[in-house]
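K.L.:
To start, I am sharing the structure in question, which I have written as structure tokens.
The values are calculated or read from the model by the stated rules, or taken from the named source; none is laboratory data. Computed from a predicted structure; not experimentally measured. Here the Cβ is made from the backbone with ideal geometry for all residues, glycine too, and neighbour counts use every protein chain on show. Keep in mind that these areas ignore ligands, DNA and RNA; they rest on the heavy atoms of the full protein, side chains included. Shrake-Rupley method; radii C 1.70, N 1.55, O 1.52, S 1.80 Å.
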Amino acid sequence: MVDIKLPHHHSQNIDKLLSKLPSVDECIQVAEIFKQISDGTRLRILWLLCHCEECVSNIAAAMDMSDPAVSHHLKLLRKSGLIVSRRDGKEVYYKLADTEQAQIVHHVCEEMFRISCPFG
């Protein structure tokens, strides 16, 4: 840990807090994930893939979008590590990644939808 010299001390235990401050790189990684789910279309696609594995054409039909547009969103979600893909013959199937980050994002999104749902 780098020793941070604060210009003011306000009787707070900030030194202990600063020892746990995430690195710039860690914050950039988390920000990239938030960027991906800040787009409504990607959030809808992610929500679908949290609950099933599906191919591009079916995702496109469900989203009322073209296959190339959906493929673009899937590429970004896959790059962020939130989803994974597998090939079966000519079809490529996508689903939520089996990682702690993806599971946390799924849980947070579900809770946000529950809170915002007028019937919840």
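K.L.:
How large are Rg and Dmax for the chain when only the alpha carbon atoms are used, in Å?
P.N.:
Spelled out, the Cα radius of gyration and Dmax of the chain are 19.1, 64 Å.
K.L.:
In square angstrom, what is the accessible area per residue of the chain with a 1.4 angstrom probe?
P.N.:
Per residue, the chain has an accessible area of 74 Å².
K.L.:
Separate question: Most fluctuating residue of K95, K75, K16 in a GNM of the chain with Cα springs under 10 Å: which is it?
P.N.:
Of K95, K75, K16, the most mobile in the Gaussian network model is K16.
K.L.:
What lysines does K20 reach when the alpha-carbon gap must be under 21 Å and sequence neighbours fewer than 8 apart in one chain are set aside?
P.N.:
Cross-link targets: K5.
K.L.:
Further question on the same structure: Give the carbon-plus-sulfur fraction of the accessible surface of segment 41-108 in %, rounded to a whole number; probe 1.4 Å, heavy atoms of protein chains only. Walk me through the numbers on the way to the answer.
P.N.:
Values: 2050 of 4060 Å².
Summing carbon and sulfur atoms, their accessible area is 51 percent of the total for segment 41-108.
K.L.:
Related question: Given labels modelled 7 Å from the Cα in the Cβ direction, how far is it in nm from F113 to F34?
P.N.:
Inter-label distance under the simple model: 2.2 nm.
K.L.:
Then there's this: Would you mind checking the radius of gyration and Dmax of segment 1-54 based on alpha-carbon positions, in Å?
P.N.:
18.6, 55
K.L.:
Need the C-alpha centroid separation for segment 49-120 versus segment 1-37, integer Å.
P.N.:
31
K.L.:
Once you have the Cα-Cα distance between L76 and R44, take 0.36 nm times their residue separation minus that, and quote the gain in nm to one decimal.
P.N.:
10.2 nm
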